[in-house]
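Here's the structure, in structure tokens; my notes come after.
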Amino acid sequence: MRVSMAQWGTVLTERDLGKEIRTHFLDSLSLDSTIVVDFANVEMINSSFADELFAKLIVEVGASKVRAKVKLVNTSPVIKIIINEAIFTRSKMPAK
């Protein structure tokens, strides 16, 4: 499955949107699908969006499954940094 992130806008900053997209990703991952996340035409995301979508996805399904089944493409260096920082920050939080 290929997901064009630009369908939600060029600047993605809402935590609720990240949660909505994560829910769709979880459905696809439960079917063992590979998800190609295409950031073409997305100029910026913020840490709240990245945390809600990517960091919490890793918490829910595990890092190894996300690495194997979720591929990021057309990701700017800044967006990569924001995603990586959100994942790192979430990984340092105590488990609930």
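Could you tell me which of the residues V42, V78, V70, V59 is crowded, with 19+ Cβ neighbours inside 10 Å, more than 11 Å from the chain's Cα centre (by Cα) and modelled with pLDDT of 95 or more?
Details: V78 fails: crowded, with 19+ Cβ neighbours inside 10 Å; V70 fails: more than 11 Å from the chain's Cα centre (by Cα); V59 fails: crowded, with 19+ Cβ neighbours inside 10 Å.
One residue alone meets the criteria, V42.
One residue is enough: does segment 23-32 have a residue meeting the conditions closer than 19 Å to E85 by Cβ and among the hydrophobic types (A, V, I, L, M, F, W, C)? Spell out the reasoning first.
Restricting attention to segment 23-32, the residues satisfying the condition of being closer than 19 Å to E85 by Cβ are none.
Scanning segment 23-32 turns up no residue that is closer than 19 Å to E85 by Cβ and among the hydrophobic types (A, V, I, L, M, F, W, C).
Of everything in segment 63-80, what is more than 13 Å from F25 (Cβ to Cβ) and either touching a Leu at 6+ places or on another chain (Cβ under 9 Å) or small (G, A, S) (or both)? Give them in sequence order. Walk me through how you get there before you give the answer.
Of all residues in segment 63-80, those more than 13 Å from F25 (Cβ to Cβ) come to 63-64, 67-68, 73-80.
Across segment 63-80, the qualifying residues are A63, S64, A68, S76, I79, K80.
Just give me the residues in segment 41-62 being among the β-branched types (V, I, T) and either in contact with a Leu (Cβ under 9 Å, 6 or more places away or on another chain) or over 16 Å from S28 (Cβ atoms) (or both), in sequence order.
Within segment 41-62, the subset among the β-branched types (V, I, T) is 42, 45, 58-59, 61.
Within segment 41-62, V42, I45, V59, V61 meet the criteria.
Looking only at segment 13-70, how many residues end up being assigned to a helix (DSSP H, G or I), among the aliphatic types (A, V, I, L, M), in contact with a helix residue (DSSP H, G or I) (Cβ under 7 Å, 6 or more places away or on another chain) and within 24 Å of K92 (Cα to Cα)?
The initial filter retains those residues of segment 13-70 that are assigned to a helix (DSSP H, G or I), namely 15-30, 47-61, 63-69.
Then drop every residue that is not among the aliphatic types (A, V, I, L, M), which leaves 17, 21, 26, 29, 50, 53, 55, 57-59, 61, 63, 66, 68.
Next cut, in contact with a helix residue (DSSP H, G or I) (Cβ under 7 Å, 6 or more places away or on another chain) only: 17, 21, 26, 29, 50, 53, 55, 57-59, 61, 66.
Narrowing further to those that are within 24 Å of K92 (Cα to Cα): 17, 21, 26, 50, 53, 55, 57-59, 61, 66.
Number of matching residues: 11.
On the basis of being modelled with pLDDT under 95, out of contact with any Leu (no Cβ under 6 Å at 6 or more places or on another chain) and surrounded by 14 or more Cβ atoms within 10 Å (Cβ to Cβ), does L17 make the cut?
Details: modelled with pLDDT under 95: no; out of contact with any Leu (no Cβ under 6 Å at 6 or more places or on another chain): yes; surrounded by 14 or more Cβ atoms within 10 Å (Cβ to Cβ): yes.
When the stated conditions are applied, L17 does not pass them.
The values are calculated or read from the model by the stated rules, or taken from the named source; none is laboratory data. Keep in mind the model is a prediction, meaning the values are calculated, not measured. Cβ coordinates were reconstructed from backbone atoms using ideal geometry, including for glycine residues, and neighbour counts include every protein chain displayed.
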